[in-house]
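Read the structure below first, then the notes.
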Amino acid sequence: LMISLDGLGTGHDAQRHFADGKGSFEKVSQAVELALEHGLPPSISITVTGRNAAGLAELVEWVLERGLIFQLNFYRQSLFSQSHADLQLEEQAILAGIQAALKVIEHHLPRFSLLGILDRTTLAYPHTLPCGAGANYLVFTPQGGVAQCQILLHHPVTTVHDPDPVSRIRTDKSHFINPPVDERGECAECSWRYWCGGGCPLETRRVMHSPYHRSPNCRIYQTIFPELIRLEGFRLLHYASDPQVVRTQWLELQPA
């Protein structure tokens, strides 16, 4: 079970409200507590934007106090969000927000691995793609269309009636290309390229006008990765005497 939570109180409501403008934090936080009461700890998806970066530390502390797994996902512009300039990823604000959150993590080390909490990246094993879009990932529209990514729901490439939708997902290049990081020229010399996989190709194409460039979030990845590795080391030392945590970590490091 994954639940989106982007802040506490107004920090969440500023990004996720109902059609009538009423905030949804109260309902979402109630859903989290209800899931916990019934033994179903949710994974928390945090979408990081220019609006909520300053509140990340407070939110991460709230999540960790409940022992929940979380992921920091970067905002990606869609057809419905183009007019909201304050959602854009302002690099310095995002870095400051994430670094403040990492300080909170250092004082509340979780039992789960930190190697995969940053936006479609994993430091657990090398990979050449940031995600399965265009390879083995299907997104379904309410009308039965099949798209390559949730950002491309308005461009389905086939339907649920297709006997082999995966082949269509892989071969249709009309709206989406997810090139391996080795084909992104600017990434060739980067020592982190097999850990980020090149970043989201749609966001790269939107900002850089081609998916074959390096990610516009490249400097964020390069700055945060060493800090995550340091924290993961602290975490493993902290739980070194707990065999269950050590075994879980070993399993997480095995390639999918």
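The values are calculated or read from the model by the stated rules, or taken from the named source; none is laboratory data. Being a predicted model, the structure only gives us computed values, none of them experimental. Backbone-built Cβ (ideal geometry, glycine too); neighbour counts: all protein chains shown.
Outside the structural domain of Thr204 (by TED's automatic domain parsing) and at pLDDT below 95, is that true of Ala31?
no
Taking the listed residues Phe176, Phe140, the one that is touching a strand residue (DSSP E or B) at 6+ places or on another chain (Cβ under 9 Å), of a type in the set (Phe, Trp, Tyr) and modelled with pLDDT under 95 is Phe176, with no other qualifying.
Taken across region 31-44, residues that are among the hydrophobic types (A, V, I, L, M, F, W, C), under 16 Å from the mean Cα position of the chain (by Cα) and assigned to a strand (DSSP E or B) do occur, with at least one present. Of all residues in region 139-195, those being in contact with a His (Cβ under 8 Å, 6 or more places away or on another chain) and of a type in the set (Ser, Thr, Tyr) number 2.
Among helices (runs of 4 or more DSSP H) lying entirely in region 161-249, which contain 2 or more residues that are under 30 Å from Pro142 (Cβ atoms) and out of contact with any Asp or Glu (no Cβ under 6 Å at 6 or more places or on another chain)? Break it down into steps so the answer makes sense when it comes.
Details: elements: 165-171, 193-196, 201-208, 218-238.
Result: 165-171, 201-208.
When Gly7, Gly39, Gly23 are screened for being exposed (fewer than 14 other Cβ atoms within 10 Å of the Cβ), modelled with pLDDT of 95 or more and of a type in the set (Gly, Ala, Ser), only Gly39 passes. Can you tell me how many residues within region 130-167 are within 30 Å of Trp192 (Cβ to Cβ) and either among the β-branched types (Val, Ile, Thr) or in contact (Cβ under 8 Å) with a residue 24 or more places away in the chain (or both)? Going through region 130-167 one residue at a time, the tally reaches 14. Would you confirm, using the coordinates I've provided, whether Leu153 is within 30 Å of Gly233 (Cα to Cα) and buried (at least 17 other Cβ atoms within 10 Å of the Cβ)? So Leu153 fails the test.
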